[in-house]
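Participant: Here you go, one structure.
The values are calculated or read from the model by the stated rules, or taken from the named source; none is laboratory data. Bear in mind the structure is a predicted one, so any value in this text is a computation, not a measurement. Cβ coordinates were reconstructed from backbone atoms using ideal geometry, including for glycine residues, and neighbour counts include every protein chain displayed. Quick note on the areas: whole protein, heavy atoms, side chains included, nothing else; ligands and nucleic acids left out. Shrake-Rupley method; radii C 1.70, N 1.55, O 1.52, S 1.80 Å.
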Amino acid sequence: MKVGTDGVLLGAWADVTGAKAILDVGAGTGLVALMLAQRSEAIVDAVEIEPVAFCEANQNVVASPWAARVTVFHSSFQEFTEGMPDQYDLIVSNPPYFANSLASPDKNRTVARHDQYLSYSELIEGATKKLSPEGRFCVIIPFAAYDEFRETARLNGFYLVKVVNVVPRESKPANRVLLEFSKKPDDRQVSELRLRDVDGNYSEAYRMLTKDYYLKL
């Protein structure tokens, strides 16, 4: 799997302040878990159900400077929430986003990208079990799924405290949204992040957010 902008955004944006234990749900190649390890001193656990991605994530972790603090588990998130008693200060996920659409003939990509293996409600319910009382739950999802995800999270006891509308290019509408939830109410912060200008060049805001993770940008 290639490195995607969604994962880079989530890994660079999620607030790691004070986090001692972090969980990445749907690790893929391990990108987000490794970014969070780079940004913090926390122990980082990552869960990945798809076997090829799990092996690739493990290889990337072993080859990284943060191997001693990052562990990848080959498991569904549903099984992980039932079998592991730990709670986390930060839970992040770049969840499957093709709901009710045709599955890819490539089974590995289907597992990674379709919510039949992990629905939004299952992700949110699992996060309520694994998140510490003072913790943060951060996701990046399609903008079209924002209302559904926010309402499901509210019904599970989460408060939405940060919203970043991600605009792919100047003059275009937002197509992704970064969300931070808490178990405690707080004033909601809403902002916008534009990735590229009208000429297709990366914006200064995107460069500043992600400059520590690209060799060239």
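Participant: Can you give the extra length, in nm with one decimal, that the chain gains between residue 214 and residue 82 once fully stretched, where that is 0.36 nm per residue apart less the Cα-Cα distance? Each step should come with its number before you reach the end.
Facilitator: Values: separation 132, 0.36 × 132 = 47.52 nm, distance 3.64 nm.
The residue 214-residue 82 span can extend by a further 43.9 nm.
Participant: Could I get the Rg over Rh figure for region 52-93? Both from C-alpha atoms, Rh via Kirkwood, rounded to two places.
Facilitator: With Rh from the inverse mean 1/r over Cα pairs, Rg/Rh is 0.99.
Participant: Provide the net charge surrounding residue 81, with neighbours chosen by a C-beta distance below 13 Å and charges set as Lys +1, Arg +1, Asp -1, Glu -1. Walk me through the numbers on the way to the answer.
Facilitator: On the way: positive: 129, 130; negative: 45, 79, 82, 86, 122, 125.
Once all neighbours under 13 Å are counted, the net charge is -4.
Participant: Right, next: Quick one: 3J(HN,Hα) in Hz for region 36-43, Karplus 6.51/-1.76/1.60 with θ = phi - 60°, rounded, Gly and Pro as x.
Facilitator: Those phi angles translate into 5, 5, 5, 8, 9, 10, 6, 7 Hz.
Participant: Another question about this same structure. At 7 Å along Cα-to-Cβ for each site, give me the label-to-label distance between residue 122 and residue 172 in nm.
Facilitator: 3.1 nm
Participant: With every protein chain kept in place and ligands, DNA and RNA left out, what is the accessible area per residue of the chain? Probe 1.4 Å, answer in Å². Each step should come with its number before you reach the end.
Facilitator: On the way: 10980 Å² over 217 residues.
I get 51 Å² per residue for the chain.
Participant: Follow-up. Are there any trypsin sites (Lys or Arg not before Pro) in region 1-90 that are in a DSSP loop and have at most 10 other Cβ atoms within 10 Å? List them by number.
Facilitator: On the way: sites: 2, 20, 39, 69; in loops: 2, 20, 69.
Taking region 1-90 and a limit of 10 other Cβ atoms within 10 Å, the loop trypsin sites (Lys or Arg not before Pro) found are 2.
Participant: Whose amide H sits under 5 Å from the amide H of residue 203, counting only residues 5 or more places off or on another chain, with H placed in the peptide plane?
Facilitator: Close amide H contacts, sequence-distant or interchain: 196, 197.
Participant: Excluding residue 179 itself, what net charge comes from residues whose Cβ is under 14 Å from its Cβ, given Lys and Arg +1 and Asp and Glu -1?
Facilitator: Numbers: positive: 136, 150, 154, 162, 176, 188; negative: 6, 15, 147, 148, 151, 180, 186, 192.
With Lys, Arg at +1 and Asp, Glu at -1, the net is -2.
Participant: May I pose another question? Put 84, 35, 208 in order of accessible area, largest first, 1.4 Å probe: what do you get? Present the calculation step by step, with values, prior to reporting the outcome.
Facilitator: Details: 84 60, 35 10, 208 110 Å².
Correct descending sequence by accessible area is 208, 84, 35.
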